[in-house]
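First comes the structure, then the notes that go with it.
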Amino acid sequence: MGLLLAIVCSLCVGYAVADWQGRRELPRILRRVARRVQGRSPSLVDTHYYKALTSLLNEQPDEALDRFVSSMEVTPESLEVHLALGALLRRRGEFDRALRVHQNLLEQPELSEERKQHIQLELACDYWRSGLLDRAVDLLKELIALPHINKGARWQASAYLVEIYQEMGDWLEAVDVADTLTSAKFAREPDLWRRLQAQFCCELAQRKLQHAEPLNSETAANIAAKLRQALSYDPNCVRASLLQAELALLRDAKKEALNALKSVPVQDARLIPDALPLLAECMADAELHGAHLALLKQWFDESPSLALMLAIAECMQEQEGESATRRFCLDALPRIAAIRFEVPVLMLTLSGAGSPGFSERFQQVATLLEHFVYYQCDQCGIKMQQLEWRCPGCHSWGTVAQVSEPAPRSES
């Protein structure tokens, strides 16, 4: 019993050390090797597995890995474990060693074609994560070009290529490769890839728009074509509509800009606040000025929000005076669910007797309401102060929108 207790304690200490160093996967992998080769090569288990485990328990995980990689024979039974070790090394940032593992695997004879393709994908990931993007692209292209490539491997290689082209900022190539992922032959979530293609087209358009000074007709036509292409990929791409409005305003085509902005509430009502500055520019035109307030009220009726209420109130003060603005605000506040707990206080602030004039009280309310507004990613929940078309947390495209709620702001 004493010996058994000592063994159990030793194992517990070993796991504690492994956990502290963030390498709990290693003993699990080594045990898997033992199970696979049990009864086939007992000496291999005794010699290599236990030596590696001893190194691990002696706080020498690097030596344990080197023992395993250098001495364990690559067999059909151990191939999966070698692949797992290569992936572990890559996650630890030891790219040279991960490359060595995967290159060694590719040199093994009698690999099935499917296994070889899987190893090539892992090797491409090693190049990618180590910053050797060109080598990763070349390897993935070679893999995709194979005449008898496994369908799953081709899909994965194409998906990796799209990711790498995004890192390189090569949006044209990213669009082209994503086309293969939306075809019937490789259709896995084709709508997702089309939404990404729309964002890539917007990246191209925005890049041209930022460097188009002065904006000539040829450049404007090129940008407009990219934005139409974006909307053909994803009709709900708010970014494309906002860029269309921005392009139209640069060309002093305010009616055209207004038409583009009218699509925003249908595409994603949560992004209406981001259309308001452009809408204000459109309404600077005397012919359109009268329609500004009516359009804002229509949007508010369909999708009440803090930003719209404040924009309408500001506009009403100029056009209809303080009395009408006060009535609108007192009617509008209860419709905004995000501030339901603060409605009585806000209404009292706006209508309280003995307070300063309405304009001052309204400014106090507007300042207070700014603390309720922030941007948040639908996918990972990260919060930020401004709109990002690609989430800085999970790197998803088009998942960030404005949120209004009585919660403390957490800034990214």
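The values are calculated or read from the model by the stated rules, or taken from the named source; none is laboratory data. Remember, it's a predicted structure, so these values are computed and weren't measured experimentally. Cβ coordinates were reconstructed from backbone atoms using ideal geometry, including for glycine residues, and neighbour counts include every protein chain displayed.
Is it the case, given these coordinates, that Val74 is in a helix (DSSP H, G or I), at pLDDT below 80 and of a type outside the set (S, T, N, Q)?
Judged against the criteria, Val74 is not a match.
Could you please find all residues in region 292-338 being without any contact (Cβ under 8 Å) to a residue 40 or more places away in the chain and either among the β-branched types (Val, Ile, Thr) or in contact with a strand residue (DSSP E or B) (Cβ under 6 Å, 6 or more places away or on another chain) (or both)?
Ile312, Thr325 - these are the residues of region 292-338 that are without any contact (Cβ under 8 Å) to a residue 40 or more places away in the chain and either among the β-branched types (Val, Ile, Thr) or in contact with a strand residue (DSSP E or B) (Cβ under 6 Å, 6 or more places away or on another chain) (or both).
Exactly one of (1) at pLDDT 90 or above; (2) out of contact with any helix residue (DSSP H, G or I) (no Cβ under 7 Å at 6 or more places or on another chain); (3) farther than 18 Å from Trp171 by Cβ; (4) not acidic (Asp, Glu) is unmet by Ala248. Its number?
Status for Ala248: all satisfied but (2).
Cβ contacts < 9 Å: first residue more than 14 Å from Leu121 (Cα to Cα) and free of Cβ contacts under 8 Å to residues at least 60 places away in the same chain, restricted to region 81-97; second residue crowded, with 18+ Cβ neighbours inside 10 Å and of a type in the set (Ser, Thr, Tyr), any location; separation 6+ or different chain. Result?
Phe95/Tyr127
Suppose we filter Arg194, Arg188, Arg207 for residues that are exposed (fewer than 14 other Cβ atoms within 10 Å of the Cβ), among the basic types (Lys, Arg) and either closer than 30 Å to Ala284 by Cβ or free of Cβ contacts under 8 Å to residues at least 60 places away in the same chain (or both); which single one remains?
Arg188
May I ask you to list the residues in region 118-136 that are of a type outside the set (D, E, K, R), surrounded by 15 or more Cβ atoms within 10 Å (Cβ to Cβ) and either touching a residue at least 40 places away in the same chain (Cβ under 8 Å) or farther than 23 Å from Pro190 by Cβ (or both)?
His118, Ile119, Gln120, Leu123, Ala124, Cys125, Tyr127, Trp128, Ser130, Leu132, Leu133, Ala136 - these are the residues of region 118-136 that are of a type outside the set (D, E, K, R), surrounded by 15 or more Cβ atoms within 10 Å (Cβ to Cβ) and either touching a residue at least 40 places away in the same chain (Cβ under 8 Å) or farther than 23 Å from Pro190 by Cβ (or both).
If you take the residues of region 101-117 that are within 19 Å of Ala136 (Cα to Cα) and without any contact (Cβ under 8 Å) to a residue 24 or more places away in the chain, which of them is surrounded by the fewest Cβ atoms within 10 Å (Cβ to Cβ)?
Applying the filter and picking the extreme gives Glu107.
Looking at (1) out of contact with any Asp or Glu (no Cβ under 8 Å at 6 or more places or on another chain); (2) farther than 28 Å from Ser396 by Cα; (3) part of a helix (DSSP H, G or I); (4) not polar (S, T, N, Q), find the lone condition where Glu142 falls short.
Condition (2) is where Glu142 drops out.
Scanning for something of a type in the set (Asp, Glu) and under 17 Å from Arg194 (Cβ atoms), does region 240-252 turn up at least one residue?
no
With respect to Cys237, is the statement that it is in contact with a helix residue (DSSP H, G or I) (Cβ under 6 Å, 6 or more places away or on another chain) and at pLDDT 95 or above true?
So Cys237 passes the test.
Which ones in region 160-179 are surrounded by fewer than 18 Cβ atoms within 10 Å (Cβ to Cβ) and either assigned to a helix (DSSP H, G or I) or among the hydroxyl-bearing types (Ser, Thr, Tyr) (or both)?
Glu163, Glu167, Met168, Leu172, Glu173, Asp176, Asp179 - these are the residues of region 160-179 that are surrounded by fewer than 18 Cβ atoms within 10 Å (Cβ to Cβ) and either assigned to a helix (DSSP H, G or I) or among the hydroxyl-bearing types (Ser, Thr, Tyr) (or both).
Which ones in region 146-162 are in contact with a helix residue (DSSP H, G or I) (Cβ under 8 Å, 6 or more places away or on another chain) and free of Cβ contacts under 8 Å to residues at least 24 places away in the same chain?
The answer is Ala159, and nothing else.
Check Cys202 against each of (1) in contact with a helix residue (DSSP H, G or I) (Cβ under 6 Å, 6 or more places away or on another chain); (2) without any contact (Cβ under 8 Å) to a residue 12 or more places away in the chain and name the one condition it does not meet.
(2)
Give me a count of the residues in region 248-257 that are surrounded by fewer than 24 Cβ atoms within 10 Å (Cβ to Cβ) and outside any loop (DSSP other than H, G, I, E, B).
6
Restricting to region 88-99, and then to whatever is at pLDDT below 85 and in a helix (DSSP H, G or I), can you tell me which residue is surrounded by the fewest Cβ atoms within 10 Å (Cβ to Cβ)?
Step by step, filter region 88-99, then rank; the result is Leu88.
Right, Lys141: farther than 30 Å from Asp268 by Cβ, of a type outside the set (Asp, Glu) and modelled with pLDDT under 90 or not?
The answer is no for Lys141.
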